[in-house]
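Colleague: The structure under discussion is supplied below as structure tokens; questions concerning it will follow.
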Amino acid sequence: MKKNLFIITCAALALCFSSCTKNEKPSDSTGDDNKEPEVPEYRLLENFEEGGMLTWTGADGCSFEIADNPSAKGINTSAKVGKVTASGAQWEFTWSTSFGSNENPDYLAFSKDGYVVKVDVYAPKASVPVYLKIEGDSVPAVEITDVKTSKVNEWETISFDYEPKQVVDGAYRNFVILFDAGVTTDGGEVFYYDNIRLCKE
């Protein structure tokens, strides 16, 4: 009897000791609720999907239309893109309506969204000079003229850095883009562009 009582007492003490020394991992109460919201890396200004975000018009002989992506792979798998068919004129260009609307423009905010405009382009030849101009209401237009394509019949991203131009917020409302700028050709060249965005770098 005493032996049985001793065994029962030892078992009870062991169970008590195990319960008192158990180390439970504290629960993580932070979860995902306290995560910082993700900040978009760029402001998208045009992607030509569903009719496009802006209205574009060809000038000085070139024509513009929204078309199927000629090569939906690599850096640009979009369904729709902008298509410019050249007339061969030296300074032909394509211009857009205002960001937002002509009645209520949504001006570029460089200090918030960045100073670099990036454009995906698809050209039939390399070393094509591409000019990009931004226009406003009461400020002179600002144009970057030192960018050229480097690939043939393949999507690539070209960049236009407006920070050295000392542009200001709330002044610029639309784009003008020139392919083969300053060059006279026989015409008929086709250029595609897409995914125009304002980036921090």
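Colleague: Could you go through region 80-89 in sequence order and give the Karplus-derived ³J(HN,Hα) for each residue, using 6.51 cos²θ - 1.76 cosθ + 1.60 with θ = phi - 60°, rounded to whole Hz, and x for Gly and Pro?
Modeller: Couplings: 10, 9, x, 10, 10, 9, 6, 9, x, 5 Hz.
Colleague: Follow-up. First check a/c for region 83-201, with a ≥ b ≥ c the square roots of the eigenvalues of its C-alpha gyration tensor; if it is under 1.5, answer rounded, and if not, answer prolate when a/b is larger than b/c or oblate otherwise.
Modeller: Prolate.
Bear in mind that the values in this text are calculations on the coordinates, not laboratory data. Please read these numbers as outputs of a predicted model, since none were measured by experiment.
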